[in-house]
Amino acid sequence: MTQFESGIKVIPCSQEQVYSKISDLNSLESVKDRVPDKVQNLNFDADSVSFTVSPVGNVSLHIIDREPCKCVKFETANSPLPFNLWIQLAPVTEAQCKMKLTIRVELNPFIKGMVSKPLQEGLEKIADMLAAIPY
């Protein structure tokens with residue numbers, strides 16, 4: 001299993017506010033206009049999100065675990081590379097929290113060399129986008 005982690009992002013909102021938004025994916029309607037051009041057909045409900053990303057293809061994730069105010073865990077339902085994604089939150093102050101994203105994916109050595117950099121860059125872009133949305 002190969003693990004990729006985003007940098008730690010500081011969000012100027014409470015841990016509870018951020019958790020409330022990311023644990024119910026319906027509340028992410030506001031990100032639709034912020035996704036890169038490579039991401040299309042973004043759809044979500046309370047527990048799942050799906051999109052098409054060029055050149056990867058269709059990707060669907062669903063929430064498999066919620067740890068109130070601390071972590072939301074996702075698993076792929078459809079993806080060229082099956083993976084798990086964690087969004088972890090930690091308080092800084094009552095009005096500020098830290099966020100880190102982690103992906104674990106099973107990669108053979110040949111594929112790992114080709115996809116490590118794009119996966120890391122994509123993870124950072126997702127973390128930046130999540131850190132920038134209004135909570």
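The values are calculated or read from the model by the stated rules, or taken from the named source; none is laboratory data. Predicted model, so just to flag it, every value in this text is computed and none were measured. Positions of Cβ are generated from backbone atoms using ideal geometry, with glycine treated the same way; all protein chains shown enter the neighbour counts.
Across the stretch 17-65, the number of residues qualifying as part of a helix (DSSP H, G or I) and either of a type in the set (A, V, I, L, M) or in contact with a Leu (Cβ under 9 Å, 6 or more places away or on another chain) (or both) comes to 8. Taking the criterion of being part of a helix (DSSP H, G or I), surrounded by 15 or more Cβ atoms within 10 Å (Cβ to Cβ) and at pLDDT 90 or above, the residues of the stretch 104-129 that qualify are Leu123, Glu124, Ala127. In the stretch 66-93, the residue that is surrounded by the fewest Cβ atoms within 10 Å (Cβ to Cβ) out of those that are in a strand (DSSP E or B) and more than 14 Å from the chain's Cα centre (by Cα) is Thr93. For the stretch 18-36, state whether one or more residues are surrounded by 13 or more Cβ atoms within 10 Å (Cβ to Cβ) and in contact with a Cys (Cβ under 6 Å, 6 or more places away or on another chain). Among the residues of the stretch 18-36, at least one is surrounded by 13 or more Cβ atoms within 10 Å (Cβ to Cβ) and in contact with a Cys (Cβ under 6 Å, 6 or more places away or on another chain), which makes the answer yes.
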